[in-house]
Amino acid sequence: MAYQVLARKYRPQRFADVVGQDHVTVTLMNALTQGRIAHGYIFSGHRGIGKTTIARVLAMALNCRNAIGSAQRPTAEPCEVCESCTEIRAGNAVDVIEIDAATNRGIDEIRELRDAARYRPARDKYKIYILDEAHQITDAAFNALLKTLEEPPEHIVFMMATTQPEDIPQTVRSRCQHFSFHAVKLVDILGQIRQIADHEGIDADDAALALLAEAGDGSMRDALSIMDQAIASAPVDEGRPRLDVTQIRDLMGSVPNAVFERILEAVDANRSADVITVANELLDAGNSPAQLARQCVRYLRNCVIAKIAGVSPDGSGLDGTASELLQISADEQRRAARSAALFSEEELTRFLQIMLKTFDELGYRQEQRFHFELGLLKLVHLRRLLPVEEVLSRFPASGRVAAPAEPPRPRPATSAPPVQPIPSNTSPPAAKPAFSPFAADSSRKSFSEPAPPATHADIQPKAAEQAAPVNTGTSAIEPAAKPAVLTPPVAPEPEPQPSLESDGPAIATPAAQSADELQRLTTEALSAARSQGSAADAIADSEWAIEGGEIRIQTSLSRTMLPMVINPDADRVIRSTLRNAGAGSLKLVLLPGAANATASKKTRPARTGSVQAKALEHPVVQQAQRLFNAEIRNVIDLRGND
């Protein structure tokens with residue numbers, strides 16, 4: 001008999017022989033025992049884990065001549081001795097048709113299958129179609145099969161095996177029972193290949209078998225294929241092949257993980273030269289940069305999992321969660337734990353991210369060696385950088401850092417008159433961060449009560465030439481320089497208006513409140529309200545007059561913009577303020593602006609008590625106006641930022 005590879009020679013013939021798929025085999029055996037046979041099955045999962053094998057075993061169990069519970073067949077397992085079982089195992093059964101869907105994927109082939117499905121089986125109980133690589137079938141072919149899947153004959157069973165179930169249309173998946181296969185665990189693969197090695201008379205230590213199991217990457221067929229190749233290349237000692245770890249690594253083109261342990265030790269010691277030296281040795285030995293990067297990624301992943309699972313370098317903590325997450329041998333688990341002990345979890349995560357990106361880039365880069373070396377150097381560089389979390393933790397809770405005090409500027413020789421010093425009763429300006437142009441808007445929208453006033457005046461000279469800075473020892477004003485934070489003198493409280501009647505208490509009446517006072521109260525109320533900054537500006541720039549029982553507000557807004565700026569919410573705030581001020585009986589009239597409203601707005605003096613008026617009253621600002629013929633273009637209230 002011709003030689004059979006291990007993957008075919010030891011292919012399971014019973015449900016119990018299938019390794020790592022108990023959730024599928026138990027369900028199918030229960031369905032066979034209860035007689036709950038579906039007309040369509042979808043077996044999906046990783047390559048080489050038993051999808052087609054279970055489909056053949058299920059076909060044997062369905063067409064077995066012996067009934068379940070008989071002496072020849074006590075369980076739902078196939079008897080393996082009847083004519084149907086032997087023919088299906090040999091692959092020449094008439095009623096079990098196995099189709100390679102990657103080749104027969106068109107609509108014509110599916111039409112022939114559908115026409116043949118109408119006829120009853122030649123001998124067995126069921127006519128079974130096994131479609132391997134079913135995701136290769138075209139959409140049109142699947143649509144041709146829909147009616148047969150929805151209302152199949154009683155003697156038809158479809159079994160579809162695929163590695164990409166998402167490519168099968170949902171209309172097909174909804175008509176079948178879907179079984180998702182799991183990747184085979186390292187322990188199960190290791191136990192299976194150890195049994196095969198004993199049965200084949202092969203000498204192999206645990207390290208060599210563990211390396212073969214790891215190379216399978218969850219696929220039993222891949223592990224057996226690599227084992228078959230390793231046996232063929234192994235030296236023979238007294239007629240028995242002997243598997244060695246070094247020989248298997250050379251055959252697979254991989255390097256020992258001890259190399260990556262050395263690299264991480266050099267990274268921890270901040271030795272870039274050692275990292276490049278190790279990489280040079282690996283590349284000069286003929287190893288592929290992409291293969292090295294792939295192995296480094298897997299090793300870093302194991303280090304991250306060892307760190308998360310709490311595996312110690314001495315090997316403790318390898319049971320439970322760690323053994324489930326680390327599908328590697330015990331020696332490799334301890335090696336990964338030793339490397340993980342050198343770094344924090346965040347550092348290992350960053351290392352893994354860098355190497356994953358390097359591995360992706362190697363697929364389309366010309367100089368793969370240089371990019372691999374660059375990726376290793378980045379690991380060393382990451383150890384030299386401070387994490388952003390540590391940098392942010394150094395800032396105070398408020399998120400502000402006090403600006404360092406600037407040294408005093410030398411006083412230039414000038415004949416200009418000295419600037420009047422700031423009054424002694426004012427406190428020195430507090431150090432603030434760089435000014436933001438959005439500070440005024442945020443302060444206007446804040447709900448909290450404003451703090452004691454502080455005015456930020458942006459003073460720019462009108463003349464084209466800039467004057468030299470003037471220093472009086474207490475303050476300095478420089479044109480076109482950074483804004484100066486000034487503290488104006490406290491404005492006196494407005495005196496209460498006398499009552500119209502001399503013998504009674506002072507009662508606020510519409511006549512007692514002037515138009516300017518009503519305008520001021522309304523502007524402050526709108527500024528304190530949410531999202532009414534535009535309305536507050538419009539009211540502040542308008543002209544108020546009380547005439548004939550009406551409050552006439554002449555705005556600079558157009559007829560179109562007036563209802564948009566003075567919206568219903570702003571109108572309610574205005575009317576509520578007027579009622580509280582005793583002017584609720586007056587009729588409110590809002591008038592759109594004229595064509596020259598912009599010009600009048602520029603020339604209108606600042607209203608009493610406003611931020612602009614307080615800036616104009618400051619002696620330093622007045623002196624700057626006299627010296628430089630300057631004007632105030634922008635005044636920003638910083639009271640909300642204190």
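Here, each number is a calculation from the coordinates, and none is a lab measurement. Small disclaimer: the values here were computed from a predicted structure and weren't measured. Cβ sites come from the backbone with ideal geometry, for glycine too, and all protein chains shown count toward neighbours.
Principal axis lengths of the stretch 111-194 from Cα atoms, whole Å, largest first?
47, 33, 18
Starting from 0.36 nm per residue, how many nanometres of slack lie between residue 515 and residue 391 once their C-alpha separation is accounted for?
Roughly 39.2 nm would be gained on extension.
Once the mean 1/r over all distinct Cα pairs of the stretch 8-92 is inverted, what Kirkwood radius in angstroms do you read off? Each step should come with its number before you reach the end.
On the way: mean 1/r = 0.0756 Å⁻¹.
Hydrodynamic radius (Kirkwood, Cα pairs) of the stretch 8-92 is 13.2 Å.
Report the rotationally averaged projected area of the stretch 186-252 based on its alpha-carbon convex hull, in square nanometres. Mind dumping the intermediate values first?
Values: hull surface 15.2 nm².
Average of the hull's projected areas for the stretch 186-252 equals 3.8 nm².
Based on the mean of other Cβ atoms within 10 Å per residue, sort peptides 140-151, 234-245 so the most packed one is first.
Answer by packing, highest mean first, reads 140-151, 234-245.
Order these peptides, 283-290, 525-532, by their mean beta-carbon neighbour count within 10 angstrom, highest first.
Answer by packing, highest mean first, reads 525-532, 283-290.
Using only the alpha-carbon atoms of the stretch 6-180 as identical scatterers, what base-10 log of I(q)/I(0) does the Debye formula give at q = 0.13, 0.14 Å⁻¹?
Computed log10 I(q)/I(0) values: -0.62, -0.72.
With θ set to phi - 60° and the Karplus curve 6.51 cos²θ - 1.76 cosθ + 1.60, what are the ³J(HN,Hα) couplings of the stretch 363-379 in order, to the nearest whole Hz, using x for Gly and Pro?
After applying 6.51 cos²θ - 1.76 cosθ + 1.60, I find x, 10, 9, 6, 9, 5, 4, 5, 5, 5, 5, 4, x, 5, 5, 4, 5 Hz.
Students often check this: by mean Cβ neighbours within 10 Å, which of 99-110, 213-224, 536-547 ranks highest, and how do the rest follow?
Output ranking for 99-110, 213-224, 536-547: 213-224, 536-547, 99-110.
Could you state the number of Å between the C-alpha centres of the stretch 214-235 and the stretch 160-204?
Centre-to-centre distance over Cα atoms comes out at 16 Å.
Of 23, 178, 43, which is farthest towards the positive pole of the stretch 6-180's charge dipole, taken about the Cα centre with +1 and -1 on the beta-carbons of Lys, Arg and Asp, Glu respectively?
23
What number does the stretch 69-121 give for Rg over Rh if you use C-alpha atoms and the Kirkwood radius?
So for the stretch 69-121, dividing Rg by the Kirkwood Rh gives 1.13.
Between 377, 325, 308, whose Cα lies farthest towards the positive end of the dipole of the stretch 257-390 when Lys and Arg beta carbons carry +1 and Asp and Glu beta carbons carry -1, centred on the Cα centre?
377
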